[in-house]
Amino acid sequence: MNMSIIKIGLIGAGGKMGKIIISLIEQNPELNLTAAFEHPNSRDLGMPVNLRSNSPSELNYIPITLIEEILSSTSIDVCIDFSHPDCTKKWAPFILQHKIPIVIATTGLSDQFHEEMQKVAKEHRTSALISTNMAFGMNLFIKTAKQLASYIPNWDIEIIEKHHHHKLDSPSGTALTLANEIKQIIAKESDSEEIFTFGRGKGKFPRKIGSREIGIHAIRAGDIVGEHTIIFAGSGERLEFTHRAHSRVCFGEGALNAAKFLLEHKLQGKLYQISDVVEYAGRK
């Protein structure tokens, strides 16, 4: 899509990821932050975003409750959401109904929400993209993990994820995505609740051998940005495959690439994943 400037509405703009995305937007002359939305109780409300390189020269954080007014009075090409599940569930369908595509990076969203967004996207012929991890490398990691699993379907598989001690959800959305993607390869017909084991407590917890079980374990410590390891263990040997996020910048860059992708696929009325962006980049 040929466009000189992409106008972005950012939801969760005052959070850690929001501020990283704002910094990345400042560095890209093709992008413009048009609206910075935050929770109605945020301490940032009314404060200037203080953009240096983009116009307008000063932008204030505004409550998400004003989004209808903003969408009616301001030209926004695409929204990016790094907020809270309650916020995303309430406002994401509303944004699609206004025919504005949205990139959703909020974690902890239900399958029911995904189904609802799929229906709204199709009804209003406006696409959305939802992913638990926006990093390009992580999605190559997932793609490679699936390929490995197809070669060793009877090996034991364990997933270990590590994050900072402020993270609320456990296990991470990315770990669940990894487990579900691998399950589709090794045990497509199995029920997730039967095949997934979330940690192992004290006492006797023997493992089901091979593809009858995928172990998922969460570690919360310090300021770990994000680390995911998959262990494929066979007889007398094992593979350990790890992705480490060194900083949150990779998530921000992934979200902005996803926004550009959505603008090229806006009218498809589909629900995309970041893996679609990876596939698209590989074909270009």
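Observations on the model:
- Number of the condition not met by Ser131 [criteria: (1) in contact with a strand residue (DSSP E or B) (Cβ under 9 Å, 6 or more places away or on another chain); (2) modelled with pLDDT under 90; (3) among the polar types (S, T, N, Q)]: (2)
- Leu140 vs. criteria under 17 Å from the mean Cα position of the chain (by Cα), aliphatic (A, V, I, L, M) and more than 10 Å from Ile230 (Cβ to Cβ): yes
- Thr229 meets the conditions (1) assigned by TED's automatic domain parsing to the domain that holds Ile95; (2) polar (S, T, N, Q); (3) touching a strand residue (DSSP E or B) at 6+ places or on another chain (Cβ under 9 Å) in every case but one. The failed one is (1).
- Odd one out for Glu240, checked against (1) part of a strand (DSSP E or B); (2) in contact (Cβ under 8 Å) with a residue 12 or more places away in the chain: (2)
- Taken together, the criteria exclude Arg200 from residues that are in contact with a helix residue (DSSP H, G or I) (Cβ under 6 Å, 6 or more places away or on another chain) and of a type in the set (Lys, Arg).
- Each residue in the range 145-160 was checked for being part of a helix (DSSP H, G or I) and touching a residue at least 60 places away in the same chain (Cβ under 8 Å), and 3 of them qualify.
Per-residue answers, yes or no, for (1) over 16 Å from Phe251 (Cα atoms); (2) touching a residue at least 12 places away in the same chain (Cβ under 8 Å); (3) loosely packed, with under 15 Cβ neighbours inside 10 Å:
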{"residue": "Gly9", "(1), (2), (3)": "yes, yes, no"}
{"residue": "Ala13", "(1), (2), (3)": "no, yes, no"}
{"residue": "Ile22", "(1), (2), (3)": "no, yes, no"}
{"residue": "Pro29", "(1), (2), (3)": "yes, yes, yes"}
{"residue": "Leu33", "(1), (2), (3)": "yes, yes, no"}
{"residue": "Ser42", "(1), (2), (3)": "yes, yes, no"}
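- Enumeration of residues in the range 114-144 that are part of a helix (DSSP H, G or I) and closer than 23 Å to Gly252 by Cα: His114, Met117, Phe136, Gly137, Met138, Asn139, Leu140, Phe141, Ile142, Lys143, Thr144
- Test: Ile160 is at pLDDT 90 or above, touching a His at 6+ places or on another chain (Cβ under 6 Å) and among the aliphatic types (A, V, I, L, M): yes
The values are calculated or read from the model by the stated rules, or taken from the named source; none is laboratory data. Computed from a predicted model, the values in this text were never measured in an experiment. No Cβ is skipped: glycine too gets one built from the backbone with ideal geometry, and neighbour counts run over all protein chains shown.
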